[in-house]
Amino acid sequence: MREKLLLCFLTLQNVSLASADVQFINFWRESDAFSASVFEDIYTTNGKRYAKQFARRYQRVKQLMSFYQDSGPCDSKLWSPNYELVEVKKYNRREAIAINIGNLAQMLADWMSSYACFTAADRGLGKRISVPKRSIKDIRRLTRISAFQRIQNTYLISSDKMNYDEALAFCYLQGMYLANPAGNSNLLTSLSDALDQNEQYWFEGMNSCSTINHDGFIRTENCELNYNAVCQTERTEISTTTTEIMPIEPSDVFILVIPDYGDESYLQSGDGSSQISATINASDNRYAYDAAHALVNGKLHIFGGSTDYKKIVRLDDCSLNDLTARLNEDREFGHAALSIENGKKALICFGWDGDNRKTCEIFDGSTTVSTFASDWTHQYGGLGLYKNQPTSVGCYSEKHQKAETLSATGWIALPDHPKRISSHSLVGLENQSMLLLGGTDHRNSGSSQSGIGQLKDENWNEIGDFLQPVHSGSVIYIGRSIYYFGDDSAAIQRIDFTETEEFQKVEQIGNEPDGVWPYFPVLFQTVSNFCI
């Protein structure tokens with residue numbers, strides 16, 4: 001079946017091509033080869049449903065071929081080519097499928113901008129432009145599918161021991177290569193976990209003839225010694241620090257909001273067009289009360305809170321389920337959680353249980369381990385990423401303005417915030433800066449703030465304002481918009497940014513349901529019919 005579908009897909013792409021001088025025949029041959037690889041990998045990963053969707057969308061994009069023009073004026077009032085050369089990319093099996101889909105979509109969009117001439121004489125001009133343009137956008141949307149973004153490393157260990165050169169050859173003959181974590185801690189962990197205790201294995205380290213064991217211990221060996229080889233498939237994970245976020249329209253965004261009481265949960269659309277009650281099953285209706293939350297391996301997790309200071313709860317489908325894993329310390333309220341290491345783990349810090357905690361711990365989905373304690377207390381100081389490192393600012397009880405960031409060796413001081421701030425929200429941007437949203441200013445009688453502050457290049461600046469003051473809320477960053485749900489105001493507000501993450505505007509997209517005042521609510525991006 002798979003071969004038949006692939007053959008049908010390739011047959012659909014056969015177009016009678018006239019000769020052309022600039023990026024026509026060769027471009028579309030390269031594009032067809034690229035798309036065939038995408039189709040095959042989509043089918044292998046997620047079956048024929050998405051593969052067929054991709055094939056239909058790509059076929060519609062190829063309507064552009066009949067509007068090819070490589071030079072001269074274009075008699076069009078709506079669209080004219082710029083004739084810039086398009087960077088032709090190859091399918092890279094060492095990248096996640098989502099990255100390849102994004103690269104193909106960008107290549108097609110660039111070709112449309114460079115060589116598509118929709119003349120004024122064309123009937124239905126608007127439709128002719130919109131069909132391929134919308135199809136390119138639909139192809140981009142496939143990058144959001146989680147299965148296309150996951151790590152898909154498969155390891156093969158040789159049954160026999162061999163020298164280093166033989167190990168390289170062995171992996172090559174398997175259609176693989178000697179395992180190479182390339183400095184990625186997630187890949188290094190998954191690799192070492194696949195190995196037996198008390199054995200060394202050939203792998204591709206920083207130096208030639210490197211070996212690794214189950215504990216991740218690496219050493220350089222005599223290349224003629226014999227060890228088992230560990231081979232790896234040619235696909236790595238999508239990187240949240242280097243991969244551009246594909247545009248996501250607010251109309252495509254749906255956010256599950258779990259307030260203090262679970263039976264008040266609802267689903268909010270990003271454009272404000274809908275707000276629907278959601279049913280979340282839980283043994284305790286107040287699981288989210290005073291709790292912190294973060295994603296771990298794509299799953300929503302809730303940590304601590306007033307109902308159980310050490311609890312860890314996971315959202316499975318429409319049910320909140322207690323895990324056997326527990327936090328190491330009581331965290332009743334005022335603590336914070338943050339997804340780290342590309343979403344594979346969560347950092348949980350601070351809080352209160354008779355005193356202000358400076359401690360932190362890391363949860364990997366099954367166990368918790370303690371890590372560096374901060375130098376300052378940060379009750380209701382939040383956690384966000386600044387230069388890709390966890391950072392906290394201010395404190396409710398101590399009313400200070402201290403900021404510090406967690407490095408590989410411990411917490412490091414950052415410039416003080418201009419205000420004695422707390423109960424704000426922190427959001428890290430791709431441009432390495434961090435936003436501080438709203439909060440309460442303890443120099444001004446704890447008044448609620450409307451400011452949108454930014455820490456960039458070690459300097460604090462105000463870049464905008466909310467429509468109404470906010471504090472004690474939660475935020476979620478999706479596409480190029482931040483969605484704010486808070487306790488101080490019933491307004492649900494959206495902050496929009498440009499593609500380069502410059503502040504653009506703030507809009508109110510709705511109000512909290514009647515009688516609902518969410519206090520640091522739990523937020524989770526999902527689909528339009530989730531648990532309704």
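The values are calculated or read from the model by the stated rules, or taken from the named source; none is laboratory data. Computed from a predicted structure; not experimentally measured. Virtual Cβ from ideal backbone geometry, glycine too; neighbours counted across all protein chains shown. What goes into the accessible areas is simple: the full protein's heavy atoms, side chains included, and nothing from ligands, DNA or RNA. Shrake-Rupley method; radii C 1.70, N 1.55, O 1.52, S 1.80 Å.
Filtered by the rule that a residue be open to solvent by 30 Å² or more (accessible area, probe 1.4 Å) and either closer than 18 Å to Lys456 by Cβ or outside any loop (DSSP other than H, G, I, E, B) (or both), region 418-427 gives Pro418, Lys419. When you check Leu300 against the structure, is it in contact (Cβ under 8 Å) with a residue 24 or more places away in the chain, hydrophobic (A, V, I, L, M, F, W, C) and not in a strand (DSSP E or B), yes or no? No: the conditions fail for Leu300. Identify the single condition in (1) modelled with pLDDT of 80 or more; (2) open to solvent by 70 Å² or more (accessible area, probe 1.4 Å) that Asn198 does not satisfy, given that it satisfies every other one. Checking Asn198 against (1) modelled with pLDDT of 80 or more; (2) open to solvent by 70 Å² or more (accessible area, probe 1.4 Å), the one that fails is (1).
Taking strands (runs of 3 or more DSSP E) as the structural unit, those lying wholly within region 332-417 and holding at least 1 residues that are under 28 Å from Arg314 (Cα atoms) correspond to 333-340, 345-352, 360-363, 368-371, 384-386, 389-393, 403-407. Are any of the residues in region 177-184 open to solvent by less than 80 Å² (accessible area, probe 1.4 Å), over 23 Å from Asn103 (Cβ atoms), modelled with pLDDT under 85 and in contact with an Asp or Glu (Cβ under 8 Å, 6 or more places away or on another chain)? Checked region 177-184: at least one residue is open to solvent by less than 80 Å² (accessible area, probe 1.4 Å), over 23 Å from Asn103 (Cβ atoms), modelled with pLDDT under 85 and in contact with an Asp or Glu (Cβ under 8 Å, 6 or more places away or on another chain).
Of the numbered criteria (1) buried (at least 16 other Cβ atoms within 10 Å of the Cβ); (2) at pLDDT below 85; (3) of a type in the set (Lys, Arg), the one Lys62 fails is (2). The residue that is farthest from Leu295 (Cα to Cα), counting only those in region 354-373 that are buried (at least 22 other Cβ atoms within 10 Å of the Cβ) and either modelled with pLDDT of 95 or more or under 25 Å from the mean Cα position of the chain (by Cα) (or both), is Cys360.
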